[in-house]
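The values are calculated or read from the model by the stated rules, or taken from the named source; none is laboratory data. The structure displayed is predicted, hence computed values, not measured ones. Here the Cβ is made from the backbone with ideal geometry for all residues, glycine too, and neighbour counts use every protein chain on show. Ligands, DNA and RNA are excluded from the accessible area calculation, which covers all protein heavy atoms including side chains. Shrake-Rupley method; radii C 1.70, N 1.55, O 1.52, S 1.80 Å.
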Amino acid sequence: MLVVTRVPTHRNDGTKISHRERRSILSLVRDTFGGYTLEGPFLGAWVTDDGRVYEETSYRLEVIVPLERVSEARDLFLRIGRQLGQRAIYFETRDAGEIIDLD
């Protein structure tokens, strides 16, 4: 399964997420799932239920996990979102390809 989330460049309160903190998060994801792909940054926006608009820049973070580890990826991404002070996170799963070892 392909699991996708977003890693913002700033917290919802506007404070910048340091390169060191982002690197630490990526290392955790790499060590937990064996790798990742990071794309971006991209500009996006979302509206809360109470009508507040958040415009933010974020990176697209992808990992490939077996179906039985999707909930583990979800839990990890929720923890990362909380660590970064986010009000919400994007989480997507879909059938995906595989990483094929050519050695």
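Worth a mention:
- Among (1) aromatic (Phe, Trp, Tyr); (2) loosely packed, with under 13 Cβ neighbours inside 10 Å; (3) more than 15 Å from the chain's Cα centre (by Cα), the one test that Phe42 misses: (3)
- The single condition among (1) modelled with pLDDT under 95; (2) touching a helix residue (DSSP H, G or I) at 6+ places or on another chain (Cβ under 6 Å) that Ile100 does not meet is (2).
- Segment 7-33 - residue that is open to solvent by 70 Å² or more (accessible area, probe 1.4 Å) and over 14 Å from the mean Cα position of the chain (by Cα) and, of those, farthest from Gly81 (Cα to Cα): Asp31
- On inspection, Glu56 qualifies as more than 14 Å from Val3 (Cα to Cα) and surrounded by 13 or more Cβ atoms within 10 Å (Cβ to Cβ).
- Among residues of segment 14-35 that are closer than 17 Å to Leu2 by Cα and small (Gly, Ala, Ser), none has a Cβ under 8 angstrom from a residue that is part of a helix (DSSP H, G or I) and at pLDDT below 95 at a sequence gap of 6+ or on a separate chain.
- Within segment 67-103, if we keep just the residues that are assigned to a loop (DSSP other than H, G, I, E, B) and over 18 Å from Thr37 (Cβ atoms), the residue that is most open to solvent (accessible area, probe 1.4 Å) turns out to be Asp103.
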